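*Asks:* Sharing a structure here in structure tokens format.
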Amino acid sequence: QVQVVESGGGLVQPGGSLRLTCVASGSISTLPPMDWYRQAPGKGREFIATITGGGIADYADAVKGRFAISRENGKNTVYLQMNSLKPEDTAVYYCNIAIRSTIYWGQGTQVTVSS
């Protein structure tokens with residue numbers, strides 16, 4: 001079994017910052033890529049960022065330059081540092097990890113950007 005748990009969401013003013021944490025645990029013997037997605041009210045789930053086991057990252061254009069994904073060395077723990085937040089970043093943020101042909105998702109953490 002694999003468990004994925006996100007944390008760190010909350011309410012922040014426009015222009016502020018938050019750091020999200022995602023921990024994947026259980027029957028994981030490697031360092032698979034891990035991703036962040038988000039889902040705003042009434043919209044589909046949107047890709048945000050990905051990071052390989054070796055630390056190579058890629059981002060969606062919507063967050064490039066504002067968000068940074070990182071990974072603890074040798075662990076299935078990733079972070080999403082979000083800076084210069086905008087109201088349109090309001091969403092539930094989800095983390096996932098792909099083990100062989102199965103993608104495991106967390107329950108998500110709510111991020112609300114509002115004054």
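*Asks:* Restricting to the stretch 87-101, name every residue that is open to solvent by 10 Å² or more (accessible area, probe 1.4 Å) and of a type in the set (A, V, I, L, M, F, W, C).
*Replies:* Within the stretch 87-101, Val92, Ala98, Ile99 qualify.
*Asks:* Please specify each residue of the stretch 52-86 satisfying the condition of being over 19 Å from Ser17 (Cβ atoms) and either in contact with a helix residue (DSSP H, G or I) (Cβ under 8 Å, 6 or more places away or on another chain) or surrounded by fewer than 21 Cβ atoms within 10 Å (Cβ to Cβ) (or both).
*Replies:* Those that are over 19 Å from Ser17 (Cβ atoms) and either in contact with a helix residue (DSSP H, G or I) (Cβ under 8 Å, 6 or more places away or on another chain) or surrounded by fewer than 21 Cβ atoms within 10 Å (Cβ to Cβ) (or both): Thr52, Gly53, Gly54, Gly55, Ile56, Asp58, Asp61, Glu72, Asn73, Gly74, Lys75, Thr77.
*Asks:* Can I ask one more? Working only within the stretch 1-58, note down all residues that are closer than 16 Å to Thr77 by Cα and acidic (Asp, Glu).
*Replies:* Listed by number, the residues that qualify are Glu6, Asp35.
*Asks:* May I ask you to list the residues in the stretch 73-102 that are aliphatic (A, V, I, L, M) and modelled with pLDDT under 95?
*Replies:* Hits for the stretch 73-102 are Ala98, Ile99.
*Asks:* Could you list, in sequence order, all residues of the stretch 94-105 that are of a type in the set (Gly, Ala, Ser) and either within 22 Å of Ser17 (Cα to Cα) or assigned to a strand (DSSP E or B) (or both)?
*Replies:* Restricting attention to the stretch 94-105, the residues satisfying the condition of being of a type in the set (Gly, Ala, Ser) are 98, 101.
Result: Ala98, single match.
The values are calculated or read from the model by the stated rules, or taken from the named source; none is laboratory data. Please read all numbers here as calculations on a predicted model, not as lab measurements. Cβ atoms come from the backbone with ideal geometry, glycine included; neighbour counts cover every protein chain shown. Note: accessible area is taken over every heavy atom of the protein model, side chains too, but ligands, DNA and RNA are not part of it. Shrake-Rupley method; radii C 1.70, N 1.55, O 1.52, S 1.80 Å.
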